[in-house]
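Below is one structure; the comments refer to it alone.
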Amino acid sequence: LTSPLPSSLSYRGLTLVLTFLSYTSYHLSRKPISIVKSQLHPNCSALGPNPHNDSNSSTWCSWAPFDGDNYKELFGALDNAFLVAYAIGMFISGIFGERLPLRYYLSGGMVLSGLFTALFGLGYFWDIHVLWYFIVVQVCNGLVQTTGWPAVVACVGNWFGKGKRGLIMGIWNSHTSVGNILGSLIAGAWVSSAWGLSFVVPGIIIATVGIICFFFLVEYPEDVDCSPPLHHVMTTSEKDPEAVISNEGPLSLSGQGSVDHSHSPKEPAEEPEAISFLGALRIPGVVEFSLCLLFAKLVSYTFLYWLPLYIVNVAHFGAKEAGDLSTLFDVGGILGGIFAGLISDYTGGRATTCCVMLVVAAPMLFLYNHVGQNGIGTSIAMLIICGALVNGPYALITTAVSADLGTHESLKGNAKALSTVTAIIDGTGSVGAALGPLLAGLISPTGWNNVFYMLIAADVLACLLLARVVVKEARGWCGYMARKRGYVVT
């Protein structure tokens, strides 16, 4: 008999690659709006005299309807049209994701995302200057893009067990930053010449990747006669029982308690029912991590949508240079996600890892605002550091923590909960993603300092919301250390 191991490894690798490319293309299609903003309302006086010789000489090169003094509010409306629709749709998306074939759901969503992304850019070629056209396209795009995250996390969670999930998903989650970087570079290539292509090209890319996923993505190991992974740590005589932290500790939040080994993973079982919304909320840790992600994502998405404009206004770079420089924030995000996953795997403390990074992020944001533009070297260093500290907890919660909670031992092996749990956590976070750019648009006219104070306050709140889980993890570590020293813990 041939070993199933090579086949299983091949399918796991294929799943990682396809889901990585999928969500890279999702973020690639979201990034152009932040790059194009500075081109929709540029500094016309820097381009020379008004060739049309009319009285409105200061905004002659702007794209109507963004040529008025309220352009920041209109940009905020564009951001929130997408993000509010995304936040609302995400709570519904996980429910559909559990009841429909993930491959169809993901592929269809990607093709539609490509269509609506391209439609925004076609407004340039069709010479559209009506605000409602862009708003409606953003709303539709926000709704269809909710198909992505629950589907890709569920696919990866179906193929990968507990093991080194934090590290694997930390590396895998770099798709967010890679997509932002590629989206910035692609959008920047056409932003000054024909900004419509900054949307049309990413739209074609995400639709193409969606078609590839339709033909090659495998949802479950059982579909290709592979063994499903174990989602919990064994605590039998095969392992030192003292090597696992007590059920009061951090690993219990992630579902790392004992597991019944009386049945083989390949044993046929009844198809479990999809979990209810309230049932998912009752899983220990879901509420805390969801609320923490709300504020963590508020900070991350404010940078995603407003950082290039901030660099243009404060450092006085051009639109393309600001877009290129903003990618360093995402480079830091890649490093932060991997670092957070590695540390949380080693310590078993997902919440503590997030909390420490959030605590350090607050003063770093303050420093970036005050000294980050004092030189190109300082700006590069601060952007990478802030990106790592801001996106590290965000990446950890949306990947490893979501997968841990979606395969919690209380679910008794019901993997169908994974999509709903992921949607609840990311949907709650998406409320913060909608609030961040909205608040930035409202606050920025009063000064960029106030925007950064808002971001710092959000980081502190995100940390405080994890306090109960951090205390529980600390108790687990204390109990573990006491047992190692021979003390009896009651």
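The values are calculated or read from the model by the stated rules, or taken from the named source; none is laboratory data. Just so it is clear, the model here is predicted, and its values are computed rather than measured. Here Cβ is always computed from backbone atoms with ideal geometry, including for glycine, and neighbour counts include all displayed protein chains. Areas reflect the complete protein model, heavy atoms only, side chains present, ligands, DNA and RNA absent. Shrake-Rupley method; radii C 1.70, N 1.55, O 1.52, S 1.80 Å.
Per residue, the stretch 348-403 exposes an accessible area of 28 Å² to a 1.4 Å probe, with every protein chain left in place. Only protein atoms count toward the accessible area here, which uses a 1.4 Å probe; on the stretch 72-164, the carbon and sulfur part of that area reaches 77 percent. The fraction of accessible area contributed by carbon and sulfur in the stretch 314-455 is 73 percent, rounded to a whole number (1.4 Å probe; ligands and nucleic acids excluded). The magnitude of the dipole of the stretch 101-228, with charges of +1 and -1 set on the Cβ of Lys/Arg and Asp/Glu and taken from the Cα centre, is near 320 debye.
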